[in-house]
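Here's the structure, in structure tokens; my notes come after.
The values are calculated or read from the model by the stated rules, or taken from the named source; none is laboratory data. The shown structure was predicted, so the numbers you read here are calculated from the model rather than taken from an experiment. A quick note on method: Cβ atoms are made from the backbone with ideal geometry, for glycine too, and the neighbour counts reach across all protein chains shown.
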Amino acid sequence: MGADLPDYYFRIRENGAVVFRVDTENRQRRIEMDQLAVINVRNGEVKPHGDTVLSDGDIAAIQAWLDERVALLARRDIDDIHRAIDYLNITTQWVQSKASDGQLEDVTDPLLLAMHDLRTVLVRKKADRLLSRADGGKADED
């Protein structure tokens with residue numbers, strides 16, 4: 001079983017992970033996990049646990065995990081947006097064909113406000129991109 005286990009285990013947390021070194025090479029042949037560090041995905045900060053000194057191998061493994069995690073979260077973010085588009089379409093169909101007056105009364109104002117807010121931000125961002133292209137990127141410098 002020990003040969004099948006990775007050298008490191010990353011316990012996912014809301015903003016990162018706690019990284020452990022996995023050890024099966026002990027007298028009891030039990031799996032031991034020694035905490036090495038806490039990782040913050042948002043700012044890339046790695047805080048060694050207690051008096052732990054991270055080896056070059058530890059740092060390389062943590063950086064590889066961090067790079068992979070950031071890429072995964074970015075893919076999930078865009079996937080969530082594509083799902084939101086699907087939900088908007090499904091919601092439109094529901095409103096058109098199935099919603100009762102009571103259900104519509106319950107959701108109309110919150111939906112209209114959320115859609116207005118989203119539309120406002122999207123239009124502003126689109127205008128900023130168009131102005132930036134027209135200025136040759138100079139609008140980004142302001």
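Against the conditions (1) out of contact with any Pro (no Cβ under 9 Å at 6 or more places or on another chain); (2) more than 26 Å from D77 (Cα to Cα), where does E14 fall short? Just the number, please.
With respect to (1) out of contact with any Pro (no Cβ under 9 Å at 6 or more places or on another chain); (2) more than 26 Å from D77 (Cα to Cα), E14 is out only on (2).
Just to be sure, is R13 touching a helix residue (DSSP H, G or I) at 6+ places or on another chain (Cβ under 9 Å) and among the basic types (K, R)? Working first, answer last.
Working: touching a helix residue (DSSP H, G or I) at 6+ places or on another chain (Cβ under 9 Å): no; among the basic types (K, R): yes.
In short, no.
Only one residue in E105, E45, E68 is within 19 Å of Y9 (Cβ to Cβ) and out of contact with any Leu (no Cβ under 9 Å at 6 or more places or on another chain), so which one is that?
Within the list E105, E45, E68, the selection yields E68.
Against the definition (outside the structural domain of R119 (by TED's automatic domain parsing), modelled with pLDDT of 95 or more and outside any helix (DSSP H, G or I)), how does A71 come out, yes or no?
no
Of the residues G50, G44, G16, which is at positive phi, exposed (fewer than 14 other Cβ atoms within 10 Å of the Cβ) and within 23 Å of the chain's Cα centre (by Cα)?
Among G50, G44, G16, only G44 is at positive phi, exposed (fewer than 14 other Cβ atoms within 10 Å of the Cβ) and within 23 Å of the chain's Cα centre (by Cα).
Would you tally the residues in the stretch 36-57 being in contact with an Asp or Glu (Cβ under 9 Å, 6 or more places away or on another chain) and in a helix (DSSP H, G or I)?
The total comes to 1.
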